[in-house]
Amino acid sequence: MGIERENIESNAAIGGHPLHPMMIHFPVAALIGLLPADLAHLWTLDEFWWRMGLWLAGVGAIGGWIASVAGLIDLLTVRQIRQKVTAWCHAILAVMMLSMASLNWLLRFYTSPNDENALWGLYMSAVTAVLISLAAYLGGRLVYDHAVAVDVQP
């Protein structure tokens with residue numbers, strides 16, 4: 001016998017399918033992949049890995065901001081989501097992570113792979129990966145514990 005829960009529907013959806021969970025996978029994969037790319041660059045000093053990091057940081061930052069629009073629409077327009085502390089914590093962590101990822105991308109865009117202070121990219125990628133992990137955990141709690149954008153009625 002399970003707990004009865006009400007549906008919490010997404011307002012940012014197409015055909016009843018919420019956009020935020022669909023859109024977030026590529027930016028998350030790009031920003032998580034940035035850490036190994038930075039480690040490979042540090043290990044090999046091959047400029048390929050620097051360019052790969054530039055692209056991963058850009059795809060992650062831009063794609064993340066685009067996906068966050070759908071999440072923000074739900075946060076601000078769906079009362080049941082807005083009332084959840086987990087949703088606000090998820091959003092705050094996501095903004096912190098996307099700000100870090102955007103700065104990381106911009107710094108990469110304006111520096112060279114031969115910069116003597118290139119460890120900043122690795123540090124920023126590591127912090128971004130930790131923030132993504134925390135935000136993803138809270139996003140999972142919203143879906144699995146609170147049934148946000150999940151059809152729980154038969």
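The values are calculated or read from the model by the stated rules, or taken from the named source; none is laboratory data. Since the structure is predicted, the reported quantities are computational estimates derived from the model, not experimental observations. Glycine gets a Cβ as well: all are built from the backbone with ideal geometry, and neighbour counts include every protein chain shown. Just so you know, the surface numbers come from the protein's heavy atoms only, side chains and all, with ligands and any DNA or RNA stripped out. Shrake-Rupley method; radii C 1.70, N 1.55, O 1.52, S 1.80 Å.
Quick notes on this one:
- Each part gets one Cα centre, and for the range 54-104 versus the range 22-37 those centres are 14 Å apart.
- Residues Tyr123 and Asp145, FRET efficiency given R0 of 35 Å [Cβ-Cβ distance, rounded to 0.05]: 0.60
- Interchain or long-range residues, amide H under 5 Å from Ala13's placed H: Leu19
- Sequence ranges 10-20, 54-64, ranked by mean other-Cβ count within 10 angstrom, highest first: 54-64, 10-20
- Net lengthening on full extension, Glu9/Arg79 (0.36 nm per residue, minus Cα-Cα): 24.2 nm
- To put it simply, the accessible area of the range 29-154 at a 1.4 Å probe is 72 percent carbon and sulfur.
- At R0 = 22 Å, FRET efficiency that the Cβ-Cβ distance of Phe26 and Ser133 yields, to 0.05: 0.85
- Relative contact order of the chain: 35 percent, from C-alpha pairs under 8 Å at least 6 residues apart in sequence.
- Across the protein chains, with a 1.4 Å probe defining accessible surface, the residues Leu142, Leu76, Leu107 rank Leu76, Leu107, Leu142 from largest area downward.
- Counting only protein chain heavy atoms and rolling a 1.4 Å probe, the accessible areas of His41, His25, His146 rank, largest first, as His25, His146, His41.
- Simple label model, 7 Å out from Cα along Cβ direction - Met96 to Val69, nm: 2.6
- Comparing Leu98, Tyr137, Val150 along the charge dipole axis of the chain, the residue lying farthest to the positive side is Val150, per the Cβ-charge model.
- What you get for the range 1-152, charging only the Cβ of Lys and Arg (+1) and of Asp and Glu (-1), is a dipole of about 300 debye around the Cα centre.
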